[in-house]
Every structure is written in structure tokens, then in C-alpha cells.
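Engineer: I'd like to ask you about the structure that follows.
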Amino acid sequence: MLASEVVQVMVRVISPYIGDTMSRAAAEAHCQKLGVFGGLINDEQLEALLGKVGAGLNIFLGREKAANVMAEVRRELRTGAVAR
Amino acid sequence: MSGFGGRAAVAVVLAAVLLFLAWGLAPEAAVFRDAQSQHALLALAALVKLALLLAGALVAFACRDRLDEGNPARPAWALLAAGLFATLAGQLSLAPYQLVSGQSPFPSVGDLYYVLSYPFFIAAFLVFLRAYREAGFPMGSAAERVGIVAGVGVIAVVLAVVILRPVAAGGEDLLERILNVAYPVLDLVLLLPLALLLRIALRLGTSRVGLVWGELLAGFVFLCLSDMLFAYLTALGQQHVDPYLHACYVLAYGLVAGGALQQLRLLKA
């Protein structure tokens, strides 16, 4: 899966909570820290990215709500993968 | 609080703010002129402030309760609640005078609690900033952060010189002068972490968390403005602007309580 697609899905799902700018900036910052500089993202990197973004959301939304939002991101990513 | 309750609270706050603004704009109007009306308005201001501070403190503490023990924002909400409880204690100390005799003594024991609230608020904002940084949210480069703090610091110093000159030169008693200097100085210190949080809030836009921070920060900006105006105008002996100060404080406490309530709704949703 392309990292840019993952970021796009994350931004779409998370932006109602923390805004488009913050969602994109946070997702891209975590991608950089994980060494994902564009191109493909592997499963391990994807799990780490979801974990990091979820932990960040936890600060604003609490554990339960953040987990629900990240589950929605996972669903969207799976749906996108199946559609391809 | 239900959606209807929330809207009713907003309507009460706005009505109170408009009433105090009207009082300030037309103090000679028949409805505001006599001492009985002024006593009633002061009592109303005291009760609205108490209600908003109690609501804000309880809701901020509920936000702390809804977050897990390991959540880095949890202590920040606890500190914010503590600051609001301290402000509430200050207002509670002042309220009997305002309700019974229609006077607001200054200095009073309430000032002890008002001053005590500042370390809690400043600590709360610093803990929020640390929590957001640790969570990996972009906080800007170190140079950018230093630039913001330095910019606000310069504005704060200029404001401090303008505000504190008449205050320090005032002929009131020593405690009054100390407090009139302490409030603006503490407010200006509070503005430094507020400026960094404002940068984050702007990035949150009109999202749900953005609305939480928009209300909270607007509330604290009004609180700082109110305190600085209070010190400046008290030093100049301009008591006739009290209605505007009541309007500012009611708006500040209302916005802070509203922001905390938005956060609690977000945590409960």
C-alpha cells in the first residue's frame, strides 16, 4: 500500500476530530519518524503508524474513543485494499 | 449537560454579558441608576460567576476522570480544575459582601485564592504542551517556538510597562499595590504558554477538538484582559467601568466552562 494513500485515509477519518491540517501534519510527522518517506509502506510500518497516531488521538479523545476512530481507519484501509 | 441545557447556558451567559455591557454604556438609564438596581446587578454578576466557575471546575475534573491514568493530558485537566476551584474559592469569599452589602472589597481574602489559581493554570498549560509534544503532534521548530515566546514576551513587557506604571505609582495601600502589580504580571506569564497553545489551536481549525481549544483559549485571553483592565482601572480610580469588567469576567468564565464541556462531550461520545 502507498504511504500517501494511508495518510489520505487517516486524514479523512481523523480530521473531523483534530482538523485537516493537524491530522495531515501528525500522520506525515509519524511517517517520517518511522522512516516512511513516500512509496510503499509495509505491514509492520503500518501497524506502528496506526499505533502512534492512535496514541496521539488518545490525548484528545480518551482511549476508548481513540480506539474506535483508529478501528474506523483500519476498516477504511481494508475497504480500500479490497477495492483495488 | 444536554444539548438543550448547553444552549440555555449559552443564552444565560450572553444575556448577562449584554446586560452588563448595557449597564456600562448607559449607567444613567433609569433601570441602572439607583443604588438598589446596582446592588442587584452586582449580586447577579456574583451569582453568574459562581455558577460558571463551579460548572467549569466540575466539568474539567470530569474530563480528568474520563481519561486513563497513563494519559499525559489527565494531570493537565486536574490542574485546570484546581485553578478553577481556586478562582471559585476567591469568588465565594467575595460573594457575601457583594450579595449583602453590594460592595466588592479590594484587597480581600478572595485575592489569596485568585493569586493561587495562576500557578495551577500555568502548570496546566505547560503539561498540555508537554503532552501534545510527547504524543508526536507538530509543535513547530525550536526556533519557531522561541520566536513565538519572544514575540509575546516583548508585547507582554510593553503592556506591563504601560499598565504597571500608574499601578506602581498609585497611592493605595501597599497590599493593594502589590496585588495590582501581581495580577497583570501573572497574566502576562500565563500568556506565554497560551501563545504556544494558540498555535496548536489554529492548526486544529474548526474540528471538534479545535472548538474545545478555541473556547478555552478565548476564555483565558478574556480572563487575562479582565485582570489587566481591573488592575489598570483600579489604579486610576475608574470605578465606573466595573460593568465592563463584569461582562469580561462572565464571558471568560463562560468560555472556559464551555470549552471544558465540549471536551467532556467529546470524551463521552
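Engineer: To the nearest 20 Debye, how big is the dipole of chain B about its Cα centre, given +1 on the beta carbon of each Lys and Arg and -1 on that of each Asp and Glu?
Structural biologist: 880 debye
Engineer: Which of the peptides B:41-47, B:31-37 is most tightly packed, and how do the rest follow, going by the mean number of other Cβ atoms within 10 Å of each residue? Please report the intermediate quantities before stating the final value.
Structural biologist: On the way: B:41-47: 19.0, B:31-37: 11.7.
Order by mean packing, descending: B:41-47, B:31-37.
Engineer: From the P(r) of the protein assembly as shown, could you give the percentage of C-alpha pairs in the tail past 27 Å? Working shown, then result.
Structural biologist: Working: 32166 of 62128 pairs.
That tail contains 52 percent of the Cα-Cα pairs.
Engineer: Moving on. Helix-only estimate, please: 222 nm mean residue ellipticity of chain B, summing -39500 (n - 2.57) across DSSP H runs of length 4 or more and dividing by its residues, to the nearest 500.
Structural biologist: Working: 9 runs with 226 residues, N = 269.
My calculation for chain B gives -30000 deg cm²/dmol from helical runs alone.
Engineer: Also: Want the number for B:Ile178 to B:Val100: 0.36 nm per residue separation, take away the alpha-carbon distance, what's left?
Structural biologist: Values: separation 78, 0.36 × 78 = 28.08 nm, distance 2.74 nm.
Length gained between B:Ile178 and B:Val100: 25.3 nm.
Engineer: Here's something else I'd like to know. For A:Lys33, give me every one of the lysines with a C-alpha distance below 18 angstrom, ignoring sequence neighbours fewer than eight places off in its own chain.
Structural biologist: Straight-line reach from A:Lys33, under 18 Å: A:Lys52.
Engineer: Now for a different question. Let me know the shape class of chain B, please: from the alpha-carbon gyration tensor, a ≥ b ≥ c as square roots of the eigenvalues, rounded when a/c is under 1.5, otherwise prolate if a/b is greater than b/c, or oblate. Walk me through the numbers before you get to the answer.
Structural biologist: Details: a/c = 1.91, a/b = 1.32, b/c = 1.45.
Taking the square roots of the gyration eigenvalues as a ≥ b ≥ c, chain B is oblate.
Engineer: Which one of A:Gly39, A:Gly51, B:Ala16 has its Cα pushed farthest toward the positive end of the charge dipole of the protein assembly as shown, where Lys and Arg give +1 and Asp and Glu give -1 at the Cβ?
Structural biologist: Among A:Gly39, A:Gly51, B:Ala16, the one farthest towards the positive end of the dipole of the protein assembly as shown is A:Gly39.
Rule-based calculations on the coordinates, nothing more; no lab input. The shown structure was predicted, so the numbers you read here are calculated from the model rather than taken from an experiment. Virtual Cβ from ideal backbone geometry, glycine too; neighbours counted across all protein chains shown.
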